[in-house]
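Below is one structure; the comments refer to it alone.
Bear in mind that the values in this text are calculations on the coordinates, not laboratory data. What you are looking at is a predicted structure, and each value in this text was computed from that prediction instead of being measured. Quick reminder, even Gly has a Cβ in these numbers, built from the backbone with ideal geometry, and neighbours come from all protein chains shown.
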């Protein structure tokens with residue numbers, strides 16, 4: 001049996017009883033967490049995924065039992081994606097789709113992602129999603145009934161790392177379609193932190209940049225500015241009493257799950273189904289229709305600081321939960337692969 005991490009250009013060979021699963025993307029924390037032992041990943045790392053190339057897919061279709069689409073296809077035009085799904089159907093490769101976002105924060109408009117979802121869900125043999133509310137919306141908008149699976153654990157708390165009571169954190173960079181006014185978010189969050197007896201830390205991804213006004217706030221002592229790397233994010237979130245999710249669009253959050261794992265309360269926008277993921281969420285007004293309500297963000301941060309820090313998620317329960325999610329994936333893969341064998 002080959003090692004599940006492959007050099008570019010390689011395709012895995014599954015051992016007896018193991019299904020060959022081509023995930024898009026090939027690997028990320030969620031994809032790795034849900035992959036069952038009964039499956040072996042096939043393909044190669046890299047973005048965009050080579051499985052989204054029709055010629056590559058056609059050349060290697062006989063080496064794949066299941067194709068599982070998570071994300072990473074937003075760069076394709078709608079006609080390109082329609083052509084790709086036609087190729088998937090022609091080749092008879094079973095397609096499984098997990099809907100992580102009903103409104104992709106990385107896209108500048110909702111209509112583009114809507115078209116993408118409509119296309120892939122029309123081809124998918126099985127649809128998965130993460131919350132009952134998202135499932136209801138998928139039924140209403142696309143006529144597909146998803147299987148709802150809990151978001152698995154993504155982090156283990158560092159026993160040597162403590163959290164600072166009153167410390168509020170928010171990840172902010174330059175303006176984007178998801179966070180068009182990071183300065184307004186920072187000011188409202190800082191006001192809530194101070195009124196709750198705490199302080200604000202703005203996290204900026206290494207290699208990125210912060211708005212000049214946010215840097216000025218840091219220089220004047222209104223907030224703290226800290227750079228982080230993605231591998232370091234769980235540790236950064238563990239140090240907080242409250243983490244603020246600043247996006248005005250989105251459906252589910254991986255960072256929220258990390259906060260659950262490490263024991264950090266979350267203040268989340270009203271736009272998605274974040275409160276369905278975890279009960280320890282305080283909601284504030286922020287969506288594409290009405291924009292940011294800074295007063296509600298200030299109040300939400302202040303209210304969150306009055307609550308005790310949640311305990312890190314019970315590790316045994318989270319491991320059982322992840323095992324259950326992996327079992328469902330194994331069952332889904334086995335079923336669609338078996339259906340293919342009868343074609």
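Numbers for the structure displayed
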read-out	value
Base-10 log of normalised Debye intensity for the stretch 225-329 (one unit scatterer per alpha-carbon) at q = 0.12, 0.20 Å⁻¹	-0.44, -1.09
Span from the the stretch 98-122 Cα centroid across to the the stretch 159-221 one, whole angstrom	29
Separation of the residue 54 and residue 323 label points, Cα + 7 Å toward Cβ, nm	4.5
222 nm mean residue ellipticity, helices alone, for the chain (DSSP H n ≥ 4; -39,500 (n - 2.57); rounded to 500)	-12000 deg cm²/dmol
Order of 317, 84, 51 under a 10 Å beta carbon neighbour criterion, fewest first	317, 84, 51
For 229, 123, 131, order by how many other beta-carbon atoms lie within 10 Å, fewest first	229, 123, 131
GNM result for the chain, Cα springs below 10 Å: residue of 50, 187, 307 fluctuating most strongly	307
Nearest-ten-degree value, helix 110-123 long axis tilted from longest Cα axis of the chain	30
Kirkwood Rh in Å, taken over the chain so that all alpha-carbon pairs contribute	21.3
Within the chain, percent of DSSP bridges classed antiparallel, to nearest 5	5
Gaussian network model of the chain, springs between alpha carbon atoms under 10 Å - residue of 29, 269, 246 with greatest fluctuation	29
Computed FRET value (nearest 0.05) for residue 290 with residue 174, which takes r as the C-beta separation and R₀ as 30 Å	0.85
Degrees separating the helix 78-91 axis from the principal Cα axis of the chain, which is the longest one	40
Candidates 146, 105, 175, ranked by Gaussian network fluctuation over the chain, Cα under 10 Å, top entry	175
Along each principal axis, Cα extent of the stretch 167-306, largest first, Å	37, 32, 30
Burial ordering of 76, 121, fewest other beta-carbon atoms within 10 Å first	76, 121
Length added when fully stretched, residue 165-residue 139, from 0.36 nm per residue minus Cα-Cα	5.2 nm
Extended-chain gain in nm, criterion 0.36 nm per residue less alpha-carbon gap, residue 230 and residue 307	24.9 nm
Linear extension gain, residue 220 paired with residue 254, 0.36 nm per residue minus alpha-carbon span	9.0 nm
